[in-house]
Amino acid sequence: MQENIPKGCNSLCRACAHRNITSEESAEQKMAWLAHALSPWGKELRSIKTPLAQERWGYREKVSLLTQWSQEARWQIGMIARKHFVNLQTCPIHSERVRKMILWISESIPTPEIFSLSLYAQTGKQATLILKTNVKPDLCWLVEHEKYLSQTGIEGLWLHLHPSAGRRLFGKRNWHLLWGKPRSYNEMGLIYGPTAFQQLIPNLYIQSLREAQNFLTPQKNDSIIDLYCGSGASLRLWTIFGARTIGVETSAEAVENASINAPLAQILRGTCSLRIPQLNEWAKNTPLQHRLAYVNPPRVGLEPDVRHWLATEYRPLRLAYLSCNAGTLARDLAFFEGNGYFVEHITPYDFFPNTYHVETLTLLQRKENVHTFISG
């Protein structure tokens, strides 16, 4: 059993499934799950990379939460679990910046008749109040309370009017900057906005990027395709080493930020499957021995067309695959192995301590070019 769970943890919350066990027990459970889900590659599965003890709590800088109003408690921010609202105002997994903003909302935002807050989202120093309406509300109340925003640690506060907000949290239109600046910089010096996706423990994410870089060894004569490239953290790394680089990303905000973070890379907006013709044109003059790839897909894994294209047409010499779903990863790895690829090794990364979630970095190469790789 884990001792010294920080104060403020709501026992009704089901998000941190591993909060009552030790970090060692959590790592063992995650490794057991991966050994089962990735059983064909058991020999290639390495020990899990874990965060420092002080990074296991207070790390969650990206949240999307529901709201509830009551006359007694005012605005509460949380989640629904078993049909009951769970207040997460003091959640210890959230960063101090998130907790301060939740408190600010509770103390500052007026009644639903004036400001009908539905959802709250935060990415690092960028916060968003989401209303399920197209009508911009009266914001006179903000003048009195905005002076306290700088004390929360955020740098930008947005109003987003999105009547159909739900599973799809953000829409394209009706974004209004209420206070501060529209972009911030993270610990890696990368610019990001209110809808950005970022790995939650920078030190651990940097380790994964270094492992990928040490394996791919991008150089001046190489061409590297980076799929689902986000705001360009990996893109920038490949360009630093002189590789010719192209990325694909669906989010307009992420593409805009990636163009700033990795100015030497070419970036295509859209789904990866729809950008295959442009990728073919971009890569046609690059010999197979100088083709590399890095992919970081969502939980559904690689799109079927993309998986087929990578394995049978583009055929990179080496490929690094960061996955958040061992099930879809197993499917994709089986396809690559059936088309002439070899799994060098798989490294788990505990990006979400105290939860059951675990990510993996898999390193693959074409079988005719097998060599022994030793990570740093």
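The values are calculated or read from the model by the stated rules, or taken from the named source; none is laboratory data. Fair warning: this is a prediction, and the values are worked out from it, not measured in the lab. Every residue, glycine among them, receives a Cβ derived from its backbone with ideal geometry; neighbour counts consider all protein chains shown.
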Which numbered condition trips up Thr250, out of (1) among the polar types (S, T, N, Q); (2) in contact with a helix residue (DSSP H, G or I) (Cβ under 6 Å, 6 or more places away or on another chain); (3) surrounded by fewer than 24 Cβ atoms within 10 Å (Cβ to Cβ)?
(2)
Taking the stated definitions as given, is Leu169 out of contact with any helix residue (DSSP H, G or I) (no Cβ under 9 Å at 6 or more places or on another chain) and without any contact (Cβ under 8 Å) to a residue 24 or more places away in the chain?
no
Somewhere in the range 302-325, is a residue surrounded by fewer than 20 Cβ atoms within 10 Å (Cβ to Cβ), of a type in the set (Gly, Ala, Ser) and more than 27 Å from Met188 (Cβ to Cβ)?
no
Looking only at residues that are surrounded by fewer than 19 Cβ atoms within 10 Å (Cβ to Cβ) and of a type in the set (Gly, Ala, Ser) in the range 61-87, which one is modelled with the highest pLDDT?
Ser64
Mind checking whether some residue in the range 185-200 is aromatic (Phe, Trp, Tyr), over 27 Å from Thr362 (Cα atoms) and in contact with a strand residue (DSSP E or B) (Cβ under 7 Å, 6 or more places away or on another chain)?
yes
Do we have any residue at all in the range 333-353 that's out of contact with any Lys or Arg (no Cβ under 9 Å at 6 or more places or on another chain) and assigned to a strand (DSSP E or B)?
yes
Please specify each residue of the range 331-347 satisfying the condition of being farther than 20 Å from Thr217 by Cα and touching a helix residue (DSSP H, G or I) at 6+ places or on another chain (Cβ under 6 Å).
Asp332, Phe335, Phe336, Asn339, Gly340
Filtering the range 191-211 down to residues that are closer than 17 Å to Asn261 by Cβ and either of a type in the set (Phe, Trp, Tyr) or more than 14 Å from the chain's Cα centre (by Cα) (or both) yields Ile191, Tyr192, Phe197, Tyr205
Single residue of the range 93-125 satisfying the filter (among the hydrophobic types (A, V, I, L, M, F, W, C) and part of a loop (DSSP other than H, G, I, E, B)) that is surrounded by the most Cβ atoms within 10 Å (Cβ to Cβ)
Ile93
Which one of the conditions (1) buried (at least 17 other Cβ atoms within 10 Å of the Cβ); (2) part of a helix (DSSP H, G or I); (3) more than 21 Å from the chain's Cα centre (by Cα) does Asn214 fail to meet, given that it meets all the rest?
(1)
Of the numbered conditions (1) touching a residue at least 40 places away in the same chain (Cβ under 8 Å); (2) out of contact with any Leu (no Cβ under 8 Å at 6 or more places or on another chain); (3) not in a loop (DSSP other than H, G, I, E, B), Gly230 satisfies every one except a single condition; which is it?
(3)
Can you name every residue in the range 15-42 that is surrounded by 15 or more Cβ atoms within 10 Å (Cβ to Cβ), part of a loop (DSSP other than H, G, I, E, B) and under 24 Å from the mean Cα position of the chain (by Cα)?
Ala15, Cys16, His18, Arg19, Leu38
Just a yes or no: is a residue in the range 145-157 assigned to a strand (DSSP E or B), touching a Ser or Thr at 6+ places or on another chain (Cβ under 9 Å) and not basic (Lys, Arg)?
yes
Among the residues of the range 354-376, count how many are at pLDDT below 95 and part of a loop (DSSP other than H, G, I, E, B).
7
Would you say Leu169 is in a loop (DSSP other than H, G, I, E, B), at pLDDT below 95 and crowded, with 18+ Cβ neighbours inside 10 Å?
no
I need the full set of residues from the range 328-362 which are of a type in the set (Ser, Thr, Tyr) and either farther than 18 Å from Ala35 by Cα or out of contact with any Cys (no Cβ under 6 Å at 6 or more places or on another chain) (or both), in order please.
Thr328, Tyr341, Thr347, Tyr349, Tyr356, Thr360, Thr362
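Okay, residues lined up against (1) at pLDDT below 95; (2) part of a strand (DSSP E or B); (3) hydroxyl-bearing (Ser, Thr, Tyr); (4) not assigned by TED's automatic domain parsing to the domain that holds Gly171:
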| position | (1), (2), (3), (4) |
| --- | --- |
| Ile224 | no, yes, no, yes |
| Arg236 | no, no, no, yes |
| Thr239 | no, no, yes, yes |
| Val248 | no, yes, no, yes |
| Ala258 | no, no, no, yes |
